[in-house]
Amino acid sequence: MTEQQINELKQILEHSDLGKNSNSQELDEKILLAAQKHTANIKLKSAPSNFRKNIFTPSFAAAVFSVMFTVFLFLGLGKMLSVDHIDIPAPLASDSQELDVGETSNPLILSTPDISRPEKPSVEPTALARNRDSILQELPLPSVDKLLGDMDFDIDADRSLVKDTLSIAMHDIGKFIQVGELDDARQRYQRLRQSCSMCTLPESLESLALINNGLPDRS
Amino acid sequence: MSDGALLKSYADGNLAAFDCLYRRHKNKLFMYVRRQCPTHELAEDIAHDTWLGVIRQSGNYSPSAKFTTWLYRIAHNRLVDLWRKHSAPGYLLIDDLAEQLAAKDQSYLALKELLQSLQALPETQMEALLLKIEGFSHAEIAAITESKQETVKSRLRYATRSLKSMEVQA
């Protein structure tokens with residue numbers, strides 16, 4: 001299709017709109033109200049983080065420091081003056097449960113018991129990573145429709161919302177895999193899982209690829 | 001300020017950023033939707049749902065995609081749902097225009113014929129054509145409609161061919 005044809009069509013369609021080129025004011029108000037409500041929710045959710053920030057204000061930090069200092073002073077003095085009166089309950093232990101101090105030159109240091117741990121399988125991490133990479137590079141990921149087909153929704157609006165989220169995320173993931181940015185693809189997938197509470201998705205992108213291709217999930 | 005920066009700012013709680021973004025794109029998006037909906041009311045519903053999608057997913061927006069591509073993809077998904085529900089081809093304001101066109105001169109009759117020809121196109125071809133008219137590249141249309149670039153090119157080719165053949169028949 002040539003640029004000229006496109007421009008002609010564009011002009012014709014603009015003429016055909018006959019002034020009805022906008023939605024109603026009522027819709028504007030509805031959308032802006034929804035945006036406002038959403039912003040209010042964001043601010044509400046981020047309130048605890050503001051509290052965390054306030055902790056590090058100089059006045060708050062000074063107050064915390066002075067309280068801690070007083071407590072430390074009080075305990076220190078108490079210990080110095082009346083150490084005999086502080087009863088520390090001893091741990092209950094039967095005869096058979098004696099602590100094994102082991103053979104160590106310093107009696108204050110308890111030797112760690114010799115716990116024989118099972119050795120880890122001798123799979124090199126790089127080989128494992130290569131294997132995970134090849135899963136993503138070789139196995140196709142499911143389509144958005146297939147993913148949606150495996151999910152249950154109470155209302156249509158939820159399905160539409162999830163569909164948008166999925167289609168955007170799967171598009172991004174596909175692009176990342178295409179250009180070989182596999183870690184970015186994995187991160188994007190994890191972000192999708194966190195943000196989409198209604199999506200029932202496997203734990204990892206590799207699992208998704210394996211399940212989609214009817215293979216056992218050993219990722 | 002770029003669209004992406006405005007959306008990011010809104011996601012951080014700045015309502016004025018959304019207001020600016022909305023006013024920047026609302027008319028174009030509405031007309032894109034309106035041309036593919038049978039009535040003004042239905043187009044308003046689709047536009048409403050699309051913007052609600054933007055609001056709810058503002059925190060998930062990835063700057064790797066252009067904002068308009070992202071926005072029109074949300075609208076595209078809503079339109080596909082509509083097509084599935086109504087199982088009818090695209091609409092293009094024909095009902096609204098019919099009476100007004102009848103009273104106009106011959107150029108408007110030619111316009112009516114063109115609109116009818118467009119309406120006769122399969123919805124995927126018509127959508128590709130409308131997106132091209134909106135100024136999107138083949139790659140962007142492919143991203144919006146979740147199809148391959150080659151598919152988009154062939155849809156546009158078929159659409160042009162169909163329009164030309166309809167013109168000849170007329």
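Values in this text are rule-based calculations from the coordinates and carry no lab data. All of these numbers come straight from a predicted model, not from anything done at the bench. Here the Cβ is made from the backbone with ideal geometry for all residues, glycine too, and neighbour counts use every protein chain on show.
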Label-point separation in nm, B:Arg56 to A:Leu215, each point 7 Å along Cα→Cβ: 3.4
Neighbouring partner chain Cβ atoms per residue of B:122-129, average, 10 Å criterion: 1
Simple label model, 7 Å out from Cα along Cβ direction - B:Arg24 to B:Lys153, nm: 3.1
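Provide a whole-number value for the mean count of partner chain Cβ atoms within 10 Å of the Cβ atoms in peptide A:29-40.
6
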Over 27 Å (Cα to Cα) - which of A:Lys146/B:Lys132; A:Lys163/B:Lys26; A:Lys37/B:Lys132 fall in this group: A:Lys146/B:Lys132; A:Lys37/B:Lys132
Residue exposure sequence - A:Tyr189, B:Tyr158 - by fewest surrounding Cβ within 10 Å: B:Tyr158, A:Tyr189
Likely footprinting exposure, A:Val67, A:Val144, B:Val152, fewest C-beta neighbours within 10 Å first: A:Val67, A:Val144, B:Val152
Least to most buried among B:Cys37, A:Cys196, B:Cys20 (fewest other Cβ within 10 Å first): B:Cys20, A:Cys196, B:Cys37
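Do any trypsin sites (Lys or Arg not before Pro) in the range B:1-39 lie in a DSSP loop with no more than 11 other beta carbon atoms within 10 Å, and if so, which?
Details: sites: B:Lys8, B:Arg23, B:Arg24, B:Lys26, B:Lys28, B:Arg34, B:Arg35; in loops: B:Arg35.
Passing both the DSSP loop test and the Cβ count: no residue.
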Separation of the B:Ser137 and A:Lys30 label points, Cα + 7 Å toward Cβ, nm: 3.6
Shape category assigned to the range A:164-219 from the gyration tensor of Cα positions, a/c cut at 1.5: oblate
